[in-house]
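The block underneath contains the structure these notes are about, expressed in C-alpha cells.
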Amino acid sequence: MIHVTMDPTLLQHRTMVHAYILASVWNRADAEDLLQEVLLEASRGGFTSGNYGAWLREIARRRILEHARKTKRRAELAQALRRLEEAAQRVEVPDERREALRHCLANLTQTGRAVMEGRYQQRRPVEVIAQAIGKTVQATYAILKRVRQALKECVERRLT
Amino acid sequence: MNDVLYRAVDGMLSEAEEAELAKRLGEEPDLASEMLKIARDEALLAEAFARRRTTRRLPQKSGGFGWFLAAAAAVLLGIVGIILLPGGRELDYDRARVKELTAEGATAVDRNDFERGEALYRQALELAEKHDELRGQAASIRATLADVSRMKSEHAQALADWRALVAEFRRSEYSETKEGIQNFLSRARALQKAHEPLGLPWTKADPKEGPEKSIAGMIEIADAEYKEALASARREGFQAMRARIEMLFLKEGTEDFAGAIAAWQTYIDTTRDTEGKTKAPGALMDVNRRAFGAWDRLKKKAETLSRDEAVRVLKNALPRFVGCRFNETDIEAEIRAKIEELKR
C-alpha cells in the first residue's frame, strides 16, 4: 500500500483519482489495485507543469481502459470517461469534507458501525456481514444504505 | 437513480444494467457528476476505514506502534517525495526530536496510556509545525492524534460497558428466565467481539481467572446457565404438551384418540429434546391403550343396540379411532370390520 496520504495536497488528488477510478470500474478491489498502479507510476515522475490532478487522472484513464480491455467489459467506457473527467474538474474534495466525515463516523449507532466496519474496514461482502450481525442480506443492505444516507446528510449539515 | 449508482459502486449491477449505465454516463453530464460525488464519498469512507485498519492492526502484528511510524516515515520520505532540504541545525534537531517523540508516543499508545501518548504527539506536532519542511510529518501526526483521541474514547466506552456487564452479572437478575440469559449472553458475546480488536485485558484473560476478570469466563458460566434453563424448559415442554393434548383431545366421554395420536406423533417427529423424544412414545402408547379400552366398551354397547343403531353409533365413533393400534390390534380396522359385519 502506498501511503501518499501524508501530504494534504496529494491526499486530495489521491481521493479524487480513487473516486474517478471507482466511478469507472465499479469494483472496489479492482479500483484499489488500479489506484496503487497509478500512484506508483506517478511516483516515478514525469509531471512537468500544469494541473497535477488532471495528469494523475490521465494516467488513471489509460489504466482504466487497459483494465476494461483485459476484462472485456464496457466498450462504451471511453465516452463515459470523458464525462467523468469533466465531472472530476467540477467535484471537489475539500479537507473540511474529510474532517466532517470523521466526526459523523464517530456518531454511528452500534449496528451502523458494525455494518460499515464490516464493509469498509474488513472489506467483507454484505452476505458475510449479514451473518455476523444476525440479519438478512436485504436488511443489511438496507442498513448500509441508511447509514450512507445519514452520513451524507451529516456531512452536508456540518459543511453548511 | 442514486440507488443504481450505489449498486454500481457496490458491484451489484447485472451486465445489462452496467451497459445501460455506461451509456447513460457518456450522455448525461449530470449523471456523471452524481456518480463521481458518490464515488468520492466512497473513496473518503475507504480512506477513513483504511486509516483505522492501519492504526489498529500494525501494532499488534509488529509488537509496536513505532514500527508503523518508521514505515510511514520511510514512505513519506521515499514515495511522497517530500525532499528534506538542509535547513540548519534547528531543523535537523527538531526533525530528530519529532521522530523520538512520535516513537515514544506510539509506545505509550501501545500500552493504552492514551493521555501520555497524546501529550507526546502534541509536543511532536508543535515542533513539526515550526518547519515547512516537516509539514508532511505534521499532517501525519495530526491524523494520528485524531486516531489516538478516538481510540481513547473507544477504550473509555469499552471499560464502562465491561463494568456495567460485570455489575449485571453480579446481580444475576438476567438468569431468572431463559430469554433473560439469552439476551445477556448475546450482549456479552457482542461486547467480546467488539473489545477483542482493542486488545482489552478482559478479552485476553484466561477464563479460569473468573467471570469478573475474563469475558470468556463470564460467557462460559452464562452459557452453562442457558443450557440448564433450556433443558428445564424442554422438560416442562413435554409436560406442557401432555397437558395440552389431554385438554384438547382426551376429555372423558369425548376422547378424540386419532387427534391425540397425530399430535404426539408430530411432537416425536419435530422435538429436538432428548427427554421429550424418550418419553413421548410412552405417552403415545398410553393413548392407544385408552383407545383400546374405549373400543372395548363401545363394542359391548353396540351389542346391546339394534343393527342399524349399532352401525350408526360405530360410524360416528370411527373418526375418533383412526390410526389407533394396541399391541397387535388395529382398532380402526376392527371397527370397520364390525360395521361391515353388522351391515350383512
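The values are calculated or read from the model by the stated rules, or taken from the named source; none is laboratory data. What you see is a predicted model, and the numbers here were worked out from it, not measured in a lab. Please note: Cβ atoms are built from the backbone with ideal geometry, for glycine as well, and neighbour counts cover all protein chains shown.
Screening A:83, A:61 for residues that are in contact with a helix residue (DSSP H, G or I) (Cβ under 6 Å, 6 or more places away or on another chain), assigned to a helix (DSSP H, G or I), at pLDDT 85 or above and more than 8 Å from chain B (Cβ to nearest Cβ) leaves exactly one candidate, A:61.
Between B:139, B:124, which is in contact (Cβ under 8 Å) with a residue 12 or more places away in the chain and surrounded by 18 or more Cβ atoms within 10 Å (Cβ to Cβ)?
B:124
Please go through region A:32-53 and give me each residue that is within 21 Å of residue B:44 (Cβ to Cβ) and more than 17 Å from the chain's Cα centre (by Cα), ordered by number. Scanning region A:32-53 gives A:42, A:52. Does residue A:120 satisfy being in contact with a helix residue (DSSP H, G or I) (Cβ under 6 Å, 6 or more places away or on another chain), among the aromatic types (Phe, Trp, Tyr) and at the interface with another protein chain (Cβ under 8 Å from one of its Cβ atoms)? So residue A:120 passes the test. Test residue B:275 against the criterion of being of a type in the set (D, E, K, R), crowded, with 17+ Cβ neighbours inside 10 Å and under 28 Å from residue B:243 (Cα atoms), and give yes or no. So residue B:275 fails the test. Does residue A:43 count as more than 21 Å from residue A:155 (Cα to Cα), more than 10 Å from every other protein chain (Cβ to nearest Cβ), out of contact with any Phe, Trp or Tyr (no Cβ under 7 Å at 6 or more places or on another chain) and surrounded by fewer than 18 Cβ atoms within 10 Å (Cβ to Cβ)? Criteria not met by residue A:43. Scanning region B:265-299 for residues that are assigned to a helix (DSSP H, G or I), modelled with pLDDT under 90 and farther than 18 Å from residue B:332 by Cα yields a count of 12. Each residue in region B:176-227 was checked for being basic (Lys, Arg) and surrounded by fewer than 14 Cβ atoms within 10 Å (Cβ to Cβ), and 4 of them qualify. For the criterion of being more than 8 Å from chain A (Cβ to nearest Cβ), modelled with pLDDT under 90 and in contact with a helix residue (DSSP H, G or I) (Cβ under 6 Å, 6 or more places away or on another chain), residue B:7 fails. Within region A:93-109, being more than 8 Å from chain B (Cβ to nearest Cβ), at pLDDT 80 or above and either under 17 Å from the mean Cα position of the chain (by Cα) or part of a helix (DSSP H, G or I) (or both) holds for A:95, A:96, A:99, A:100, A:103, A:104. Of the listed requirements (1) at pLDDT 80 or above; (2) at the interface with chain A (Cβ under 7 Å from one of its Cβ atoms), residue B:28 misses just one: (2). The residues of region B:192-247 that are under 30 Å from residue B:267 (Cα atoms) and touching a Gly at 6+ places or on another chain (Cβ under 7 Å), listed by number, are B:234, B:237, B:238. Condition test on residue B:169, is it under 22 Å from residue B:204 (Cα atoms), aromatic (Phe, Trp, Tyr) and modelled with pLDDT under 90? Judged against the criteria, residue B:169 is a match.
Regarding residue A:106, is this residue under 30 Å from residue B:193 (Cβ atoms), small (Gly, Ala, Ser) and surrounded by fewer than 18 Cβ atoms within 10 Å (Cβ to Cβ)? So residue A:106 passes the test.
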